[in-house]
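Scroll down for the structure; my scribbles are underneath it.
The values are calculated or read from the model by the stated rules, or taken from the named source; none is laboratory data. What you see is a predicted model, and the numbers here were worked out from it, not measured in a lab. Just the protein is used for accessible areas: all its heavy atoms, side chains included, with ligands, DNA and RNA removed. Shrake-Rupley method; radii C 1.70, N 1.55, O 1.52, S 1.80 Å.
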Amino acid sequence: MWLLMAAVVLAVLKVLAHLEVVDVAGIAAMSWWWVVGGFAATMAWFSYADQSGLTKRKAMEKMDKRKQERLDKQRELLTGRRKR
């Protein structure tokens with residue numbers, strides 16, 4: 001996600017520098033290929049993450065962790081009530 005944000009920020013700065021709204025050192029002289037390359041790298045990363053199952057695997061791990069925490073909490077509540 002940080003790569004997408006970096007590419008968007010770079011594109012916005014490049015457009016603003018091109019319109020001479022903001023004068024950031026080096027941005028105005030930067031080639032458009034850096035901006036396009038950022039978007040291409042972002043597209044490549046997200047297509048790799050989707051095709052390899054990385055995105056779905058991370059979501060499943062997060063769901064499993066939340067489920068296990070919920071079960072652990074319920075077990076603690078049940079064992080706590082029995083001790084009374």
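Relative to the present Cα-Cα distance, how much length would full extension add between residue 56 and residue 15 at 0.36 nm per residue of separation? Between residue 56 and residue 15, full extension yields an extra 11.3 nm. Subtracting the Cα-Cα distance of residue 75 and residue 43 from 0.36 nm times their residue separation leaves 7.1 nm of extension gain. With a ≥ b ≥ c the root eigenvalues of the C-alpha gyration tensor of the range 31-76, is it rounded (a/c under 1.5), prolate (a/b larger than b/c) or oblate? Verdict is prolate for the range 31-76. The accessible area of residue 79, taken with all protein chains in place and a 1.4 Å probe, comes to roughly 70 Å².
Couplings 3J(HN,Hα) of the range 32-47, computed from phi: 5, 5, 5, 5, 5, x, x, 5, 5, 5, 5, 4, 5, 5, 5, 5 Hz, in residue order, whole Hz [Karplus 6.51 cos²θ - 1.76 cosθ + 1.60, θ = phi - 60°; x for Gly and Pro].
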